[in-house]
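In what follows, a single structure is set out as structure tokens and then discussed.
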Amino acid sequence: MKLLKRIIYSLKMGYIYRNALAKLYLRTPPQQRTLDIVPQDLVKQGVKILVLDFDGVLASHGELLPAPEIEAWLQNCLQVFPAAQIFLLSNKPLPARVAYFESYGIRCIAGVQKKPYPEGLLKIQQLAQCQASEILLVDDRLLTGGLAACIAQTQIYYVTRPLIAWGKRPLAESFFMLVRWVERRIIAIYSATAL
Ligand SMILES: [Mg+2]
């Protein structure tokens, strides 16, 4: 029931923010990775708070810990952003994930409505005492993270080349690739009908 409510909310809000989402999708290179983010550049762009999704962004789907190459990238982020300025905002804040990030002093947002509801980002804004525009969410989903960022008016870095382990979880990964494709189609149809 909660899932159905969230899907209806995504479709409704996706329509309202269809132009912003279509622009985000069309302007993002098709192979954009998490590893392409240079934290030093984010600071130059006025980003004060870095918010990370987990699945697809830091690891392939369902993993408990970030991929090894992402760990090195995260260490680089921690050289630039103090741990208090980095948050994990996953729709699946599993205990092992939370424990990993908390070991670095990175806060994990839990107990809020899942993305695309904006509650998680709004809570981060409140905790960080900053402007929404100073927050950057890194996410691989258009109608969850991308939409939440539109609603909360934060910046978004759209990962179009997510981390995927075809060999390990072929069914789950195929399902989420299909979901990513469907949500892009929905936005394409929405924005075409608006013309
Ligand atoms: Mg994700």
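The values are calculated or read from the model by the stated rules, or taken from the named source; none is laboratory data. A quick note: this is a predicted structure, and the numbers were derived from the prediction, not measured. Every residue, glycine among them, receives a Cβ derived from its backbone with ideal geometry; neighbour counts consider all protein chains shown.
Tabulated results
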{"item": "Matching entry among Leu195, Leu136, Leu163 (being of a type in the set (A, V, I, L, M, F, W, C), modelled with pLDDT under 95 and either under 24 Å from Glu71 (Cα atoms) or part of a loop (DSSP other than H, G, I, E, B) (or both))", "result": "Leu195"}
{"item": "Meets criteria (within 16 Å of the ligand (Cβ to nearest atom), surrounded by 15 or more Cβ atoms within 10 Å (Cβ to Cβ) and in contact (Cβ under 8 Å) with a residue 60 or more places away in the chain) for Ile156", "result": "yes"}
{"item": "Qualifying residues in region 83-108 (those that are free of Cβ contacts under 8 Å to residues at least 40 places away in the same chain and among the charged types (D, E, K, R)) - the one surrounded by the most Cβ atoms within 10 Å (Cβ to Cβ)", "result": "Arg107"}
{"item": "Residues of region 62-95 classified as closer than 28 Å to Ile151 by Cα, among the hydrophobic types (A, V, I, L, M, F, W, C) and assigned to a loop (DSSP other than H, G, I, E, B), total", "result": "3"}
{"item": "Verdict on Leu64 being modelled with pLDDT of 95 or more and either among the aromatic types (Phe, Trp, Tyr) or closer than 26 Å to Leu142 by Cβ (or both)", "result": "yes"}
{"item": "Filter result (farther than 15 Å from Cys150 by Cβ and either modelled with pLDDT under 95 or acidic (Asp, Glu) (or both)) within region 96-133", "result": "Glu102, Ala110, Gly111"}
